[in-house]
Amino acid sequence: MSLRLGDIAPDFTAETSIGPINFHEYLGNSWGVLFSHPADFTPVCTTELGKTAQLKAEFDKRNVKVMVVSVDSVAQHLSWINDINETQHTEVNFPIIADQDRKVSTLYDMIHPNASETTTVRSLFIIGPDKKVKLMIVYPASTGRNFVEVLRVIDSLQLTAKHSVATPADWKHGEDVIVVPSISTEDAIKKFPKGVKVVKPYLRYTPEPDPA
Ligand code: BEZ
């Protein structure tokens with residue numbers, strides 16, 4: 001059965017570009033991003049992994065550990081990592097799983113046979129410190145993902161996990177957020193000392209709360 005939001009992210013132990021890793025142990029108390037891509041030595045994937053490596057400081061700031069799934073071998077990963085570092089002017093700084101037996105790809109439903117029988121699509125999972133799946137996105141092979149958007153979603157997930165707020169369309173860190181519908185306006189005024197702006201009874205904004 002395919003994964004759904006709120007499910008525990010399946011645990012596994014796998015060979016990776018930095019040796020065998022148990023996924024849940026690797027995550028520890030951190031947030032996690034696990035993503036697949038079609039194959040090593042392919043152009044779009046090269047840019048995606050390069051971009052992810054370039055954003056390491058941003059992932060670290062948010063306490064997020066990254067792991068990548070690829071159906072190629074460790075030897076191929078190590079050779080491809082050299083190419084990524086060279087062409088994307090970075091240092092790949094996260095493990096890449098050698099999922100030749102498709103164990104992880106199958107656990108996470110990353111092979112969509114009507115897209116490709118043999119390679120993974122561009123699936124991406126964000127996993128919380130409670131090991132539950134918080135977000136899933138699936139892109140086709142031909143479209144590289146926006147990793148700044150992934151960071152934006154992590155900002156929203158981390159904020160909304162701590163405060164009774166939701167984030168509006170295109171929200172970015174620092175902008176006003178939405179008071180969740182389950183809180184009355186009377187309670188919201190008490191709860192959000194920075195103020196509550198009532199546009200409609202169901203559409204209420206407050207400045208982004210300070211970190212808890
Ligand atoms: C790529 O990663 O560049 C790619 C892989 C499969 C199909 C198209 C592009």
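The values are calculated or read from the model by the stated rules, or taken from the named source; none is laboratory data. Please read all numbers here as calculations on a predicted model, not as lab measurements. FYI the Cβ positions are ideal-geometry reconstructions off the backbone, even for glycines, and counts take in every protein chain you see. Note: areas computed on protein heavy atoms with side chains; ligands, DNA, RNA excluded. Shrake-Rupley method; radii C 1.70, N 1.55, O 1.52, S 1.80 Å.
Looking only at the range 76-100, count how many residues are away from the ligand (no atom under 16 Å from the Cβ) and assigned to a strand (DSSP E or B). Residues that pass the stated criteria total 2.
Okay, residues lined up against (1) closer than 27 Å to Leu157 by Cα; (2) within 16 Å of the ligand (Cβ to nearest atom); (3) surrounded by 23 or more Cβ atoms within 10 Å (Cβ to Cβ):
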| position | (1), (2), (3) |
| --- | --- |
| Trp31 | yes, no, no |
| Phe41 | no, yes, no |
| Thr52 | yes, yes, yes |
| Val69 | yes, yes, yes |
| Val74 | no, no, no |
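Applying the criterion of being part of a loop (DSSP other than H, G, I, E, B) and either within 24 Å of Gly28 (Cα to Cα) or touching a Cys at 6+ places or on another chain (Cβ under 9 Å) (or both) to the residues of the range 103-140, the residue that is nearest to the ligand (Cβ to nearest atom) is Met110. Looking across the range 191-203, the residues that are out of contact with any helix residue (DSSP H, G or I) (no Cβ under 6 Å at 6 or more places or on another chain) and within 18 Å of Thr160 (Cα to Cα) come down to Lys191, Phe192, Pro193, Lys194, Gly195, Tyr202, Leu203. Of all residues in the range 159-204, those satisfying the criterion of being among the aliphatic types (A, V, I, L, M), in a loop (DSSP other than H, G, I, E, B) and open to solvent by less than 80 Å² (accessible area, probe 1.4 Å) are Val180, Ile183, Val196.
Lys134 falls short of the stated requirement of being surrounded by fewer than 18 Cβ atoms within 10 Å (Cβ to Cβ) and in contact (Cβ under 8 Å) with a residue 40 or more places away in the chain. Restricting to the range 39-55, what's the tally of residues that are assigned to a helix (DSSP H, G or I) and of a type outside the set (Lys, Arg)? Total satisfying the criteria: 11. Taking Pro20, is it within 16 Å of the ligand (Cβ to nearest atom), without any contact (Cβ under 8 Å) to a residue 24 or more places away in the chain and either more than 23 Å from Leu151 (Cα to Cα) or open to solvent by 40 Å² or more (accessible area, probe 1.4 Å) (or both)? So Pro20 does not fit the description; no. Within the range 143-158, restricting attention to residues that are of a type outside the set (Ser, Thr, Tyr) and in contact with a Ser or Thr (Cβ under 7 Å, 6 or more places away or on another chain), the residue that is surrounded by the fewest Cβ atoms within 10 Å (Cβ to Cβ) is Gly144.
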